[in-house]
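One structure is given here, and the rest of the page talks about it.
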Protein chains: 2
Amino acid sequence: MTNQTADTTGNIDERCINTIRTLSIDGVQKANSGHPGAPMGLAPAAYVLWTRAMQHNPENPDWFNRDRFVLSGGHASMLIYSMLHLTGYDLSLDDLKNFRQAGSKTPGHPEYGHTPGVETTTGPLGQGFANAVGMAMAERHLAAVYNKPDCEVIDHYTYVMCGDGDMMEGITAEAASLAGHLALSRLTCIYDDNQISIEGSTDIAFTEDVGQRFSAYKWHVVKVADGNDPEAIHKALNAARAEKERPTLIMLRTQIAYGSPNKQGTADAHGAPLGEEEIRLTKKYLGMPDKPFYIPEEALAHMRACVEAGKSAEAEWVSRLSAFEEKYPEEAERLKGAINRALPQGWDADLDDLRRIEGPVATRAASGKVLNAIAANVSALIGGSADLAPSNKTYIDASHDFQKGAYDGRNIHFGVREHAMGSIMSGMVLHKGVRSYGGTFFVFTDYLRPAIRLACLMKLPVIYVFTHDSIAVGEDGPTHQPVEHLAALRSIPGMTVIRPADMSETVEAWRLAMQMETPVALILSRQKLPVLKEGTHGNPADLAQGAYIVADTDGIPDMVLIATGAEVHITLEAAEKLKSEGVAARVVSMPSWELFEAAPREYRDRILPSGITARIAVEAGSDMGWQRYTGQNGLTITMTGYGASAPGGTNMEQNGFTVDNIVKTALKVTKVS
Amino acid sequence: MTNQTADTTGNIDERCINTIRTLSIDGVQKANSGHPGAPMGLAPAAYVLWTRAMQHNPENPDWFNRDRFVLSGGHASMLIYSMLHLTGYDLSLDDLKNFRQAGSKTPGHPEYGHTPGVETTTGPLGQGFANAVGMAMAERHLAAVYNKPDCEVIDHYTYVMCGDGDMMEGITAEAASLAGHLALSRLTCIYDDNQISIEGSTDIAFTEDVGQRFSAYKWHVVKVADGNDPEAIHKALNAARAEKERPTLIMLRTQIAYGSPNKQGTADAHGAPLGEEEIRLTKKYLGMPDKPFYIPEEALAHMRACVEAGKSAEAEWVSRLSAFEEKYPEEAERLKGAINRALPQGWDADLDDLRRIEGPVATRAASGKVLNAIAANVSALIGGSADLAPSNKTYIDASHDFQKGAYDGRNIHFGVREHAMGSIMSGMVLHKGVRSYGGTFFVFTDYLRPAIRLACLMKLPVIYVFTHDSIAVGEDGPTHQPVEHLAALRSIPGMTVIRPADMSETVEAWRLAMQMETPVALILSRQKLPVLKEGTHGNPADLAQGAYIVADTDGIPDMVLIATGAEVHITLEAAEKLKSEGVAARVVSMPSWELFEAAPREYRDRILPSGITARIAVEAGSDMGWQRYTGQNGLTITMTGYGASAPGGTNMEQNGFTVDNIVKTALKVTKVS
């Protein structure tokens, strides 16, 4: 480690770095909660990155061509808050003093949309790394689509800081392998190689050769032996920038809680305040006065130079953009629209024709047709599948693969990496300029659930295409048959789940998803389904209200049958049969609970009149939550356990998803009521 | 590739291998569904492994010291079914002909407990690999605990076959890194390096150097250039066996659908039947007669030699075991008990004292005490945490770390690898001889959800220790605060979720979990909680019924307040306050929905009388599913969105988890009813 007092690289660097350290430990101490160790070890790297390498404008955190910075180990949040304040973002010293308090701009882990300059919400390990890969992919895509040989308007870099925890997570492995494959040379990961995790030294669980692993992923690996040496860090960052073929991993040997005489290099410093006495000793060691939240004037002035540098960097870009607008007005217009998530005029003009297609058609196939019809008009739409494109029907036929040397392609091969796919989709949307979608089997939502949750928390407009939606999947058996997944997805706050019943509802589901500003999951069938007849079966556009009547009775119904997806069709048949039994049953197609809950009360009461308590819900999934709609007198025809390996039709029959069983259950309910 | 007609290694091998291939393609063809390609490419490896390397007894698939075999790419199920039939397991040719049909012993993906010789349920990629790591860990642990210098009773190997999909999954990366760290030299992975996945060549998404990656994990990497060469495969397996320091990865260069003139080496052969004409051509190429399910007599005889070999291998072990029993009767008894999951006499004798501890105590801390009290008596209990042991309170103080050179330790450092931890826990339990538990923050159940689902599907008695159970986590913020996780876990068929309210319920939760034969998740508080008073607050042992009365009224209650976990205490206070408002409220602690559903109807009706419809559920989680218990007139005090970074108490208040809000809501409900 560099000797702090004999530092020959200039005192101002040291002063700034120690200011970052002391602000961070003071924030944690005041909150009496948080993680001081990582910011202390990473302060030199953050300092060099933000003041010498990164192009950013503290006065305009939304400048589109800024370099992106992601703190994947989000627990080190005081590091980014210190940097934001010191380099001049809209984050005051009082904000830092309010670290982790209710309503503050400085939550325990960085939260997107909450603090200016925070590019993504991190904390659950590995997510930030994969987000960064998504950002770097979006950057390369936009560069390939929009840059001209005489005018480059997109040319920024993505930086991500990771700790040992991030490196142990599987999602990081997935995303790193894909980033290497895609040769994302503008992506740099600074790995805080401090050899400490919560349970102690990484020796107890993590002794792999991280550098060799990343070399195997086709990354450029640079080692910095002294994480306190600003010049060495700067040199590594320059090497990363010079590398044109591979993403770069900078392995930075640091010491957790650097400067703390008694806690440096120990797990104790990871997740608890240092304590007042230790802070005193630390400040003494670092040559800083014993005052809380003290910022030396010269350090602040030095780091606030980022404001001027940022302004002129942005100004330079704005002039480039002006030239671009002049020469290529159409492209410039398109780019602006993409950045603002504008949908081009007539983007959904081809959808009405699709609604009229004769069935039967699987909703996954329907989705494929709709996706292609939309993609033809919305060039910002880019996505793919976790190696299931032929099954998920997620391929955009009018485009080609997104690959090294062909970043303008709009079809991403994520590989069998569902988890990374989820976070990459989020990263792309966070970057802006693109709209992302991604597909896998519905049962495998389990694999990307942490990414889905963060997308919901951040309110990101991603579109998940989940096919093979029930035990009707058939022969692949229970490992491939979703049961609890509808309930599990619906339980995530902020998620909109839509399970369309047919081609026409699939059209409307996509139409809606494209206009929403929060995550949408489309849940689609493997098997073919009839197409509902507009007029006879209501108006599929009412899907936007979450539920609508697809078959009604002449007078007041005796009962309401509620179904979703494939089960709508057998429910319609059952209602027909019930008529001959003297039971007047309304059938409600309810593709989305969340949309229904958001519909006006009057509409909801009209669809499900409170007076009609004889109700049955029919859905080939868990009954969890259906009681909300079926009430005390109602029943559910749902799954009680797992499916089995057998033809899909057999599975459906054996689990009660038959016209006869619906009729039988309906007769039971109407008698009870 | 070896020229089939000029094979010098002996025709019988070739004959057997081609029989495996043709049985596999015939099975898929008859089912008109399935995956023929991988079995055709892997047939030589499976043949050599099962007939020359693996110690197994087809007549006793439960022989404890057998080598374990896991087909991680479970879609290649016809490979294992063909092997099981050909080597003499209880799986008939008719079973093979019933592939993927309802009620057959040959489901689409291998299912544990369904087919003799299938060691685990696979299909969701990467799970089998991590299960195998768990099995190898269990083997090393038992060997370290029980083997004597003069008598080794545990010394088997674990083999796992993986495809490119497995290799791309993050869970495989996590588990491989841990296996390398732990130096599990008796673990061998055969990697089906066929360079094809569903979307096409692995070139499109997966170009990393897998061998180098595994070297970085500290694995021994052996390459076999010709996956059709039995001698090369045998040599590689011998090299794996000779390696004493590292697990071995055998990279087997194969061709998907080997032998199919038109589909070999293409993605087409992955997941669809070859078709009758292609099967004819394939059989012709392989020199096999054009008859479905044809097994040459000499091939069957040759492979059935496994029966005699297996019997004598087991006999040799039985005599070793006898010697062990004679010399070390106590250890032998203990081993037998561990294998049979017997709980030693008085195993829970120390728990009653713990129930009497004075509060307040966080249920995570309570869990730590109970775990230690049980672990002292149940030596088969082994587990750990995904790098959160100090927070999850999962450390067994009386033991040491499970590490290379100290495999007898019972504290596993899983690292920040939640997903691998989940599947490893399952693998250990599948192995038998140990009981496994594992901890992480409750919010991170999302990371191991695929593993949890398979444990539930397989009905494995694993114990999950999930701490930091709600927004009361506080300052760490919404990324660390579970909201939807109770609903999401409860929705998985076969899972038992228990959220104890205090120390005494935690004691009973562990006591029950130890006796259950299916997965149990303990959901524990970060914050301290009062201890319920036995007698005054009912009997915590009634937790076994899922719910019980902790405060009742003198006459018939006006209403029922139902709460779980930490919220039981404020609900008790609210009931007290309601009394002064003239409302007689019963308070029910409902630590487990699943246990309550399993309780006798009479008991359930007694706790929640149908006549009392004024009900409120209080739980700091999503309301999803609570309507089942609160009914049409009831209300819920639950979470409607995410929490925030703020002190836990503030969060609870701001989201309505206060005595006053319960009282207010109760008054509303009683007026409405």
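Throughout, read-outs are computed from the coordinates displayed, never taken from laboratory work. Model, not experiment: these values are computed from the prediction. Cβ: placed from backbone, ideal geometry, glycine included. Neighbour counts: every protein chain shown.
Can you give the charge dipole size of the stretch B:351-529 about its Cα centre, rounded to the nearest 20 debye, using +1 on the beta carbon of Lys and Arg and -1 on the beta carbon of Asp and Glu? It would help to have the intermediate numbers written out before the result.
Values: 18 positive and 17 negative charges, 81 e Å.
Once rounded to the nearest 20, the dipole reads 400 debye.
First check a/c for chain B, with a ≥ b ≥ c the square roots of the eigenvalues of its C-alpha gyration tensor; if it is under 1.5, answer rounded, and if not, answer prolate when a/b is larger than b/c or oblate otherwise. Could you put the intermediate results ahead of the total?
On the way: a/c = 2.36, a/b = 1.90, b/c = 1.24.
Prolate.
Subtract the Cα-Cα distance of A:Q195 and A:N661 from 0.36 nm times their separation in residues, and report this length gain in nm to one decimal.
On the way: separation 466, 0.36 × 466 = 167.76 nm, distance 6.07 nm.
The span from A:Q195 to A:N661 would gain 161.7 nm if fully extended.
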### Query
Which distance in nm do the two modelled labels at A:E653 and B:D150 give, with both placed 7 Å along the Cα-to-Cβ direction?
6.5 nm
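What does the charge add up to near B:G368, with Lys and Arg as +1, Asp and Glu as -1, over the other residues with Cβ less than 11 Å from its Cβ?
On the way: positive: B:R364, B:K369, B:K393; negative: B:D397.
With Lys, Arg at +1 and Asp, Glu at -1, the neighbours total +2.
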### Task
Evaluate the distance, in nm, between pseudo-label points positioned 7 Å from the Cα of B:K284 and of B:E330 along their respective Cα→Cβ axes.
7.2 nm
### Query
Put the label 7 Å from Cα along Cα→Cβ for B:D226; what are its distances to the other copies, in nanometres, shortest first?
5.6
#### Entry: Value of relative contact order over the stretch B:75-211, rounded to a whole percent, pairs C-alpha under 8 Å and six or more apart
17 percent
## Note on the structure
Ranking B:T613, A:C151, B:G422 by how far each Cα lies towards the positive end of the charge dipole of the protein assembly as shown (+1 on Lys and Arg Cβ, -1 on Asp and Glu Cβ), the top one is B:T613
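Just tell me how shielded A:212-220 is by partners: mean number of partner chain Cβ atoms within 10 Å of each residue's Cβ, no decimals.
On the way: counts 7, 10, 3, 5, 10, 6, 4, 1, 0.
Per residue, the number of nearby Cβ atoms from other chains is 5 on average.
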### Task
Distances from A:N11 to the same position in the other copies: list them in nm, one decimal, shortest first, using label points 7 Å from Cα along Cα→Cβ.
9.2
### Message
To check you understand DSSP bridge types, tell me what percent of the beta bridges within the protein assembly as shown (both residues inside) are antiparallel, rounded to 5.
### Response
15 percent
### Query
In whole Hz, what ³J(HN,Hα) sequence does the stretch A:564-571 give by Karplus (6.51, -1.76, 1.60; θ = phi - 60°), x for Gly and Pro?
10, x, 3, 6, 4, 6, 5, 5
### Query
Amide H of A:L381: which non-local residues (sequence gap of 5 or more, or other chain) have their own amide H closer than 5 Å, using H built in the peptide plane?
A:R435
### Query
What is the gain in length, in nm to one decimal, between B:D226 and B:A349 on full extension, counting 0.36 nm per residue of separation less the C-alpha to C-alpha distance?
38.4 nm
### Summary
Share (percent) of C-alpha pair distances in the stretch A:542-672 greater than 23 Å works out to 27 percent
#### Entry: Ordering of B:548-554, B:597-603, A:13-19 by packing [mean C-beta count within 10 Å, highest first]
A:13-19, B:548-554, B:597-603
### Query
For B:T282, what is the net charge nearby, where nearby means another residue's Cβ is under 12 Å from its Cβ and Lys, Arg count +1, Asp, Glu -1?
0
### Message
Once R0 is set to 35 Å, what does the formula 1/(1 + (r/R0)^6) return for the Cβ-Cβ distance between B:K671 and B:D552, expressed as a FRET efficiency to the nearest 0.05?
### Response
0.95
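For B:S622, A:S260, B:S645, what ranking results if the residue with the fewest other Cβ atoms within 10 Å of its Cβ goes first? Write out the running numbers ahead of the final one.
Numbers: B:S622 24, A:S260 27, B:S645 31.
Going from least to most buried by this count: B:S622, A:S260, B:S645.
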### Message
Explain nothing, just compute: Karplus ³J(HN,Hα) = 6.51 cos²θ - 1.76 cosθ + 1.60, θ = phi - 60°, for every residue of the stretch B:37-46 in order, whole Hz, x for Gly and Pro.
### Response
x, 5, x, 5, x, 8, 3, x, 5, 4
### Task
With runs of 4+ DSSP H residues as the only contributors, calculate the mean residue ellipticity of chain B at 222 nm using -39,500 (n - 2.57) per run, divided by the residue total and rounded to the nearest 500.
-13000 deg cm²/dmol
### Query
Whole-Hz Karplus ³J(HN,Hα) for the stretch B:511-527, in order, using 6.51 cos²θ - 1.76 cosθ + 1.60 and θ = phi - 60°, x for Gly and Pro?
4, 5, 4, 5, 9, 7, 10, 9, x, 10, 10, 9, 10, 10, 7, 7, 7
### Message
I'd like the FRET efficiency for A:N377 and A:I357, computed as 1/(1 + (r/R0)^6) with the beta carbon distance as r and R0 of 22 Å, rounded to 0.05.
### Response
0.75
### Query
What is the average number of partner chain Cβ atoms found within 10 Å of a Cβ in B:620-627?
5
### Query
What gaps in nm, shortest first, separate B:G287 from its twins in the other copies when you place the label 7 Å past Cα toward the beta carbon?
8.1
### For the axis carrying chain A to chain B: nearest C-beta residue of A, whole Å
A:G170, 1
### Task
Mind listing the long-range amide H neighbours of A:V221? Cut-off is under 5 Å, sequence gap 5 or more, other chains count too, H placed in the peptide plane at 1.01 Å from N.
A:L249
### Task
Using only alpha carbon pairs under 8 Å that are at least six residues apart, calculate the relative contact order of the stretch B:449-507 and give it in whole percent.
27 percent
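Return the average number of partner chain Cβ atoms within 10 angstrom of each residue Cβ along peptide B:383-390. Could the numbers behind the result be given before it?
On the way: counts 0, 2, 2, 7, 13, 4, 3, 8.
The shielding value for this peptide is 5.
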### Summary
Simple SL model, points at 7 angstrom along Cα→Cβ for A:N633 and B:A598; separation in nm is 3.4 nm
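Which whole-number percent gives the relative contact order of the stretch A:542-672, counting Cα pairs below 8 Å spaced six or more residues apart?
Values: 226 pairs, mean separation 35.8, N = 131.
Result for the stretch A:542-672 is 27 percent.
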